[in-house]
Amino acid sequence: MTRFYFDVRRNGRLEEDKEGEELPSKEAAIEEAMAAARELVAEKVRTGEVVDGDAFEIRDEHGKVVHKLPFRSVLRLD
């Protein structure tokens, strides 16, 4: 298992995840980020906030960013 950290880039600032989560793979970390992004986007839609601009930056236990996931990428508009 590898510890992954889900930092949030919002308004040009990075909010670091201090705890992280142990997951079996980078792919599992991306799936976890997608599920969390869907929840965060749904809340923004409910409250009338702008969805564009926020993103997860997923880091591994060595501090390397392994994936960037813009929140808007979880929206299905077709």
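The values are calculated or read from the model by the stated rules, or taken from the named source; none is laboratory data. On a predicted model such as this, the values are computed, not experimentally measured, just so you know. Don't worry about glycine lacking a Cβ; one is built from the backbone with ideal geometry, like all the others, and counts go over all protein chains shown. Surface areas here come from the heavy atoms of the whole protein model, side chains and all, with no ligands, DNA or RNA. Shrake-Rupley method; radii C 1.70, N 1.55, O 1.52, S 1.80 Å.
Remark: the chain carries 69 Å² of accessible area per residue (probe radius 1.4 Å; ligands, DNA and RNA excluded). The label-point distance for residue 31 and residue 17, in a model that sets each label 7 Å from Cα toward Cβ, rounds to 1.5 nm. Remark: the range 41-46, residue by residue, has Karplus-estimated 3J(HN,Hα) of 5, 4, 5, 5, 5, 4 Hz, where x stands for each Gly or Pro and the curve is 6.51 cos²θ - 1.76 cosθ + 1.60 at θ = phi - 60°. Between the residues 2, 56, 75, the greatest Cα displacement towards the positive end of the dipole of the chain, with unit charges on the Cβ of Lys, Arg, Asp and Glu, is found for 75. Whole-Hz Karplus values for the range 65-75 come out as 6, 9, 6, 10, 10, x, 4, 5, 5, 8, 7 Hz, taken residue by residue from phi with 6.51 cos²θ - 1.76 cosθ + 1.60 and θ = phi - 60°; glycine and proline positions read x.
At a 10 angstrom cut-off on C-beta neighbours, averaged per residue, how do the peptides 38-47, 51-60, 3-12 rank from highest to lowest? Mind showing how you got there, number by number?
Values: 38-47: 12.1, 51-60: 18.0, 3-12: 15.5.
Averaged packing, sorted descending, gives the order 51-60, 3-12, 38-47.
If each Cα of the chain is one equal point scatterer, what is log10 of I(q)/I(0) from the Debye formula at q = 0.10, 0.13, 0.17 Å⁻¹? Summing over Cα pairs of the chain leads to -0.23, -0.38, -0.63.
Mean separation of Cα pairs under 8 Å and 6+ residues apart, divided by the residue count of the chain: what relative contact order is that in percent? Before the final figure, lay out each step's value.
Values: 124 pairs, mean separation 26.5, N = 78.
Taking the mean separation of contacting Cα pairs over the length of the chain, I get 34 percent.
The fraction of accessible area contributed by carbon and sulfur in the chain is 47 percent, rounded to a whole number (1.4 Å probe; ligands and nucleic acids excluded).
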